[in-house]
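Structure record follows, encoded as structure tokens.
The values are calculated or read from the model by the stated rules, or taken from the named source; none is laboratory data. Here the structure is a predicted model, which means the values were calculated and not measured. We place every Cβ from the backbone using ideal geometry, glycine too, and count neighbours over all the protein chains shown.
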Amino acid sequence: MPNQNASIESWLTQLEAHLQKEEYSSGIVRWYVTVAGRFLSYIRKRTIDVRAVQPETVCSFLRNRLRIYRRHHGRSPHDMRGWRISETSGIRMLLRLVHQQYPQISVPANEREAFHQQVCEGYVHWLSDMRGLAAETVSDRCVRAQQFLRWLGMRGAKELLHTLTVADIDAYLKWRAPMLRRPTCKGLALCLRCFLRYLFAHGLITRDLAPAVMSPTLYAFESIPSALRAEDVNAVLESTRQDRTPVGLRDYAILMLLSTYGLRAGEVVRLRLEDVEWRGDRLRVRHSKTGTESILPLLSPVGNAILDYLRSGRHQTQAREIFIRVRAPYRPLAAGASLYSTITRRLQKAGIHPQGKHGPHAFRHARAVSLLHAAVPVKAIGDVLGHRSAASTAIYLKLATADLRGVGLEVPGEVQP
């Protein structure tokens with residue numbers, strides 16, 4: 001027992017030192033250490049070593065804490081999600097300290113899972129090296145391939161995969177289709193077709209089944225992109241500009257980049273300090289889809305917003321990315337998707353509730369509309385947005401409805417047979 005107590009104290013000391021190094025607030029440090037101490041005491045009573053903890057152990061602890069809460073309060077927590085996060089954040093931090101990574105990378109449980117892992121690893125290399133696809137695309141297609149292999153069940157085993165038939169493909173698509181929209185169905189079919197080509201090229205199936213994959217027809221320019229109105233963009237910028245807190249300064253700089261240049265969310269979070277050339281008033285942008293770079297003029301309002309954030313809102317850190325978290329740990333924003341909640345929150349605070357999309361891409365579409373209204377050539381708009389071809393930019397022409405009305409043909413009131 002004394003050794004176990006010493007082990008608990010040792011882990012808690014290490015956790016506290018780690019949290020302080022990452023500059024967590026004193027209140028968060030105390031709470032995380034308290035929660036971790038409860039968890040360590042829980043597993044000690046069950047003779048479970050902290051190095052052997054599995055996700056189910058954490059779930060069991062959480063169920064125990066929930067029973068205690070209900071006994072003390074006579075009810076469940078009003079905000080179950082918030083309560084769950086509060087009770088497990090310190091535990092996750094502790095387990096990351098113990099295992100270096102948590103949740104840990106799952107180890108194949110049987111030969112079939114090991115075979116799936118091997119196939120997917122080869123597929124990743126094929127997509128990257130032979131097809132030259134972007135990392136985001138490779139990751140998405142690999143996930144779709146894993147989902148398909150898992151759905152096959154025993155048919156996905158090494159000795160049976162070669163017997164795959166068109167009926168299997170149809171059954172899988174029939175199972176997935178009801179849960180998806182038409183554009184998503186088409187994307188799923190594209191990913192499946194690509195994976196089947198890989199399997200055939202590497203001798204894992206005896207017949208090229210890719211041509212048998214059916215997908216819904218999407219007509220060119222059949223949909224209209226969602227875009228914020230100019231007055232909505234101005235309103236959210238003005239509302240955010242008045243917030244002089246660190247998070248407000250950061251969000252305002254992000255919104256200025258989105259609204260001024262129409263950048264993709266991933267391009268914003270990947271901006272680095274060296275990408276801003278203050279002396280030359282230039283901004284270097286790495287386009288996430290095409291892998292190319294653009295040099296854009298650094299307009300004064302954007303430059304001032306970034307500078308204001310760097311001086312008064314950005315925490316001191318070794319990270320070279322411009323935009324970082326406003327709470328410890330002070331690290332770069334994880335991905336472009338992390339901007340979605342930021343944009344949604346800022347729109348709500350400004351009293352804006354758009355009917356269509358309300359994420360970062362809506363600002364990109366709005367910028368395209370403003371350039372179209374300013375009679376900027378489509379080629380120049382494509383250069384600003386980082387498009388490779390005019391076809392990618394042409395979709396935004398549908399957003400210039402006022403201009404299209406000016407060239408519309410009158411519909412005759414009566415048509416003679």
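Quick rundown of the values:
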| quantity | calculated |
| --- | --- |
| Only listed residue being out of contact with any helix residue (DSSP H, G or I) (no Cβ under 7 Å at 6 or more places or on another chain) and either part of a helix (DSSP H, G or I) or under 30 Å from E16 (Cα atoms) (or both), chosen from R279, R345 | R345 |
| Close pairs from segment 123-140: first among the hydrophobic types (A, V, I, L, M, F, W, C), partner loosely packed, with under 14 Cβ neighbours inside 10 Å, Cβ under 7 Å, at least 6 apart | A134/G291 |
| Members of segment 72-88 found to be farther than 24 Å from V33 by Cα and either among the charged types (D, E, K, R) or touching a residue at least 12 places away in the same chain (Cβ under 8 Å) (or both), listed by number | R75 |
| The lone exception for L127 - which of (1) loosely packed, with under 15 Cβ neighbours inside 10 Å; (2) farther than 21 Å from P216 by Cβ; (3) in contact with a helix residue (DSSP H, G or I) (Cβ under 8 Å, 6 or more places away or on another chain) it fails | (1) |
| Count - residues of segment 139-169 that are surrounded by fewer than 16 Cβ atoms within 10 Å (Cβ to Cβ), farther than 19 Å from A109 by Cα and not acidic (D, E) | 6 |
| Hits in segment 311-336 - residues which are of a type in the set (S, T, Y) and in contact with a strand residue (DSSP E or B) (Cβ under 7 Å, 6 or more places away or on another chain) | T317, Y330 |
| In segment 164-196, the residues that are outside any helix (DSSP H, G or I) and in contact with a helix residue (DSSP H, G or I) (Cβ under 6 Å, 6 or more places away or on another chain) | none |
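Every residue, every condition in (1) over 20 Å from L333 (Cα atoms); (2) modelled with pLDDT of 90 or more, yes or no:
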position	(1), (2)
A230	yes, no
A235	yes, yes
D251	no, yes
M256	no, yes
R264	no, no
V268	no, yes
R272	no, yes
R286	no, no
